[in-house]
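Colleague: Dropping a structure here in structure tokens format, bear with me for questions.
The values are calculated or read from the model by the stated rules, or taken from the named source; none is laboratory data. Because the structure is a prediction, the values reported are computed rather than measured. Here Cβ is always computed from backbone atoms with ideal geometry, including for glycine, and neighbour counts include all displayed protein chains. Ligands, DNA and RNA are excluded from the accessible area calculation, which covers all protein heavy atoms including side chains. Shrake-Rupley method; radii C 1.70, N 1.55, O 1.52, S 1.80 Å.
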Amino acid sequence: ESPVGLFYYYFESKDAVFEEAIKLFFESIDKSSYNFYNSNIPNRRIQMKLIFKILYCCGLRISECLNLEYEDINLNEGSIKIRNAKFNKSRLLFINEDVINNLTYYINNYSNNKCDYIFYNKHNNNRISYNAVNEFFRRIIENHNFNKNKNYRIHDFRHTFAVNNIKKAFQNNEEVDAFLPILMNYMGHSDIKETEYYLRLTPNIYKAI
């Protein structure tokens, strides 16, 4: 089987509520004894925590998140613009109030006026690299209470976003035929089959599907 949605599978298999699993991940960032200091990435713990919150709440690809520039964020409108993403597609996403509040606080207190990118590397005033984010991610997974036999990936946040939204749609008695195209466009999929794939990752509502 493809190692998709490992956060989702791992915590469901332990009969834990998924929101508690996400809470564990972010609490691990706050409580970790690992030294997050990096002279090239100011406020590293704060930047990384916001990156993962955006991945979880908005279902972005990691590249889309790291490519965000200040001009892509409309705090008054509550939206972010994803420009020239996979397949050269762009899209406008409306995001929840909690993420907007976090972005507002971050931009007001930690922004870098020498760099266009929201998440920046002070060394070259460019965006944070994927490798820097992945190293941080691996440190959290390896040093806290996560299943060491699982191959966790950053991309699992995006898969889990899709699975959770499909679950919510069924729980709210929404028509799946109407909901999937909305989710497809929100996630920037090029084909509805990419979005339908996530139906197989919701075993606890398989009969309903």
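Colleague: What are the pairs, 6+ residues apart or on separate chains, where a residue within segment 108-119 that is outside any helix (DSSP H, G or I) and modelled with pLDDT under 95 has its Cβ under 9 Å from a residue that is open to solvent by 100 Å² or more (accessible area, probe 1.4 Å) and of a type outside the set (S, T, Y)?
Modeller: N112/K122; K114/K122; C115/K122; D116/E71
Condition check ((1) out of contact with any Lys or Arg (no Cβ under 7 Å at 6 or more places or on another chain); (2) surrounded by 14 or more Cβ atoms within 10 Å (Cβ to Cβ); (3) among the charged types (D, E, K, R)) across all residues:
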site: I29; (1), (2), (3): no, yes, no
site: I46; (1), (2), (3): yes, yes, no
site: K49; (1), (2), (3): yes, yes, yes
site: C58; (1), (2), (3): yes, yes, no
site: S63; (1), (2), (3): yes, no, no
site: K89; (1), (2), (3): yes, no, yes
site: I118; (1), (2), (3): yes, yes, no
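Colleague: Here's something else I'd like to know. Residue check: is R127 under 24 Å from R153 (Cβ atoms), surrounded by fewer than 16 Cβ atoms within 10 Å (Cβ to Cβ) and among the charged types (D, E, K, R)?
Modeller: Working: under 24 Å from R153 (Cβ atoms): yes; surrounded by fewer than 16 Cβ atoms within 10 Å (Cβ to Cβ): no; among the charged types (D, E, K, R): yes.
Taking the combined requirement at face value, the residue does not satisfy it.
Colleague: From the list K150, K193, which one is outside any helix (DSSP H, G or I) and surrounded by fewer than 17 Cβ atoms within 10 Å (Cβ to Cβ)? Outline the logic, then answer.
Modeller: Numbers: K193 fails: outside any helix (DSSP H, G or I).
Answer to the check: K150.
Colleague: I need a count of the residues in segment 65-86 that are open to solvent by 30 Å² or more (accessible area, probe 1.4 Å) and closer than 15 Å to F119 by Cβ. Step through it out loud before you land on a result.
Modeller: Here is the first cut: in segment 65-86, the residues open to solvent by 30 Å² or more (accessible area, probe 1.4 Å) are 67, 69-71, 74-77, 81, 83-84, 86.
Subsequent filtering for residues that are closer than 15 Å to F119 by Cβ retains 67, 69-71.
Counting residues in segment 65-86 that are open to solvent by 30 Å² or more (accessible area, probe 1.4 Å) and closer than 15 Å to F119 by Cβ gives 4.
Colleague: OK, next. Take the residues of segment 174-189 that are modelled with pLDDT of 90 or more and loosely packed, with under 13 Cβ neighbours inside 10 Å: which is farthest from L55 (Cα to Cα)?
Modeller: Going residue by residue through segment 174-189, those that are modelled with pLDDT of 90 or more are 178-189.
Checking the rest, the ones that are also loosely packed, with under 13 Cβ neighbours inside 10 Å come to 178, 181.
Values: A178: 24, P181: 20 Å.
That would be A178.
Colleague: So for segment 97-104 (the condition being touching a Gly at 6+ places or on another chain (Cβ under 7 Å), closer than 22 Å to L75 by Cα and either polar (S, T, N, Q) or surrounded by 12 or more Cβ atoms within 10 Å (Cβ to Cβ) (or both)), does at least one residue qualify?
Modeller: Yes, that holds for at least one residue.
Colleague: Would a scan of segment 197-204 turn up a residue that is on the phi > 0 side of the Ramachandran plot and under 17 Å from the mean Cα position of the chain (by Cα)? Can you show your working first?
Modeller: Of all residues in segment 197-204, those on the phi > 0 side of the Ramachandran plot come to none.
No - not one qualifying residue is present in segment 197-204.
Colleague: Turning to a different aspect of this structure: State which residue pairs qualify: first residue touching a residue at least 40 places away in the same chain (Cβ under 8 Å) and inside segment 42-57, second residue of a type in the set (K, R) and surrounded by 20 or more Cβ atoms within 10 Å (Cβ to Cβ) in any location, beta carbons under 8 Å apart, and separation of 6 or more residues or different chains.
Modeller: Once the first residue is touching a residue at least 40 places away in the same chain (Cβ under 8 Å) and sits in segment 42-57, its partners that are of a type in the set (K, R) and surrounded by 20 or more Cβ atoms within 10 Å (Cβ to Cβ) give L55/R158.
Colleague: In segment 78-107, what count of residues is obtained for those that are at pLDDT 90 or above and among the basic types (K, R)? Explain how you work it out, then say what you get.
Modeller: The initial filter retains those residues of segment 78-107 that are at pLDDT 90 or above, namely 78-83, 90-107.
Next, only the ones that are among the basic types (K, R) stay: 81, 83, 91.
Within segment 78-107, residues that are at pLDDT 90 or above and among the basic types (K, R) number 3.
Colleague: Taking into account only those residues within segment 69-82 that are touching a helix residue (DSSP H, G or I) at 6+ places or on another chain (Cβ under 8 Å) and either in a helix (DSSP H, G or I) or in contact (Cβ under 8 Å) with a residue 40 or more places away in the chain (or both), which is nearest to D98 (Cα to Cα)?
Modeller: Just the residues of segment 69-82 that are touching a helix residue (DSSP H, G or I) at 6+ places or on another chain (Cβ under 8 Å), to begin with: 70, 73, 75, 78, 80-82.
Applying the additional criterion that residues be either in a helix (DSSP H, G or I) or in contact (Cβ under 8 Å) with a residue 40 or more places away in the chain (or both) yields 70, 73, 82.
Numbers: Y70: 18, I73: 14, I82: 19 Å.
Selected residue: I73.
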